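Notes follow once the structure below has been shown.
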Amino acid sequence: MHLYSGQEAVAVGTCNALSGQDRLLFTYRSHGWALARGMRVEALLGELLGREEGCCKGRAGSKNLCDWSMGIFPSSAIVGANLPIANGVALAARRLDEDRVVVTAFGEGATNQGVVHEALAQATIWNLPVVFVCENNLYAELTPASEFRPTAEVVDIAAAAAMPTLVADGMDVEAVEETAKVAVDRARSGGGPTFIEYKTYRFCGHMTGDPQSYRTADEVDQWRQRDPLEILAARLTDDGVGADELDEIRARAHEAVRSAEAAALEMSPPSVDDILAYAPSWMERTR
């Protein structure tokens, strides 16, 4: 399981810039994106627990969340694989004359994948309505970015594709939304793709059990001082929102998760008789 704690502003701000008909493709660090797009907490937790009432009927698990009704394409556990798929989704929208923008998110570690560079070049050449969102949290799994990338700025990789680029603070949800709107509006108006780098940070390890020996506790604490939830809370306070109202918002969020957890634990697992349901016809079947 790959948690999203610390990076929430990127998903929330980006999804706020989208319309209902737009499409979204993200990575295995998918929970924050799914919730930001509007997935019910019960459906998400049910999927993580392998329950029939989960968003993919317990078949996808943590890494491959999907909800067609919200324009959420199956998240990908293969690093960089979602970018060329996003191009295909965007090309289909154009050929069907649909007013859709496609957003695909990935980490800075994906930028060394050849398919990422191919997808950027293809999107520019075909002038596709795609927004490429790079969540630069400084580490490709357990490897510091300085050890695998020769350039200081991730957006530099888009230069070869002659693609417009934007850089913004990924810990500030309003900065993310404003930046995303520029790219989404460009794509929707026929201006083609944009590469956005959001500078962000994950407070947790890469995955459950990560010893985090590649970074210091002081570094994590420094970034926690820029918690996107606290930055937004401080801004709301400056705008006149009272402490009692903020506490009520937090309490509602906590209760929503607690009740969703209880509901998910009561959900039923898929029936053994239906274990092969929804599998594509080309997959090998043993019964």
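The values are calculated or read from the model by the stated rules, or taken from the named source; none is laboratory data. Only a predicted model underlies this, so the values are computations on that prediction, with no experimental measurement involved. A quick note on method: Cβ atoms are made from the backbone with ideal geometry, for glycine too, and the neighbour counts reach across all protein chains shown. Ligands, DNA and RNA are stripped out before the accessible areas are found, and what is left, the full protein with its side chains, is counted by its heavy atoms. Shrake-Rupley method; radii C 1.70, N 1.55, O 1.52, S 1.80 Å.
The figures follow:
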read-out	value
Positive minus negative residues near residue 54 (Lys, Arg vs Asp, Glu; Cβ under 14 Å)	-3
Calculated SAXS-style log₁₀ I(q)/I(0) at q = 0.22, 0.25 Å⁻¹ - the range 225-271, Debye, Cα scatterers	-0.80, -0.90
Per residue solvent-accessible surface (Å²) - the chain, probe of 1.4 Å	49
Cα-Cα separations in the range 127-209 greater than 17 Å, expressed as whole percent	52
Accessible area, probe 1.4 Å, largest first, for residues 282, 68, 223	282, 68, 223
For the range 80-158, with +1 on Lys and Arg beta carbons and -1 on Asp and Glu, the positive-most of 83, 154, 138 along the dipole	83
Sequence of 143, 179 when ordered by accessible area, the most exposed leading, probe 1.4 angstrom	143, 179
Nonlocal amide H pairs with residue 52, under 5 Å, H built at 1.01 Å	268
Contour minus Cα-Cα distance for residue 261 and residue 118 (0.36 nm per residue)	47.4 nm
Cα-Cα pairs of the range 43-104 separated by more than 20 Å (percent)	35
In Hz, Karplus ³J(HN,Hα) per residue of the range 26-36 (6.51, -1.76, 1.60; θ = phi - 60°; x = Gly, Pro)	9, 9, 5, 8, 9, 4, x, 5, 4, 5, 5
Cα-Cα P(r), the range 110-163, percent of pairs per 5 Å interval	4, 18, 30, 25, 13, 8, 2, 0
Point-charge dipole on Cβ atoms (K/R +1, D/E -1) for the chain, about Cα centre, debye to 20	1080
Integer Hz, Karplus 6.51/-1.76/1.60 couplings in order for the range 143-149, x for Gly and Pro	10, x, 4, 5, 8, 9, 10
Cα-based reach from residue 181 at 30 Å (exclusive), listing lysines while leaving out same-chain residues under 8 positions away	63, 199
Bins of 5 Å, starting at 0 and running to the largest distance - Cα pair percent for the chain	1, 5, 11, 15, 18, 17, 14, 10, 6, 3, 1, 0, 0
CD proxy at 222 nm, helix term only [per DSSP H run n ≥ 4: -39500 (n - 2.57); per residue of the chain; nearest 500]	-12000 deg cm²/dmol
Cα extents of the range 194-263 along the three principal axes, largest first (Å)	40, 35, 33
Accessible area (Å², 1.4 Å probe, nearest 10) - residue 56	30
Rg ratio (alpha-carbon, reference 2.2 N^0.38 Å) - the range 130-266	1.30
Label-reachable residues, the range 1-42, where backbone N falls under 14 Å from a point 7 Å from residue 181's Cα toward its Cβ	13-19
Cα-Cα pairs of the range 43-184 separated by more than 21 Å (percent)	50
Distance in nm between pseudo-label sites at residue 5 and residue 78 (7 Å out along the Cβ direction from Cα)	3.2
In Å², nearest 10: area of residue 172 left accessible to a 1.4 Å probe	20
Phi-based couplings in Hz for the range 61-70 (Karplus 6.51, -1.76, 1.60; Gly and Pro marked x)	x, 6, 8, 10, 5, 7, 7, 4, 5, 9
Solvent accessible area, Å² - residue 100, 1.4 Å probe, full protein context	50
Accessible area of the chain belonging to carbon and sulfur atoms, whole % at 1.4 Å probe	54
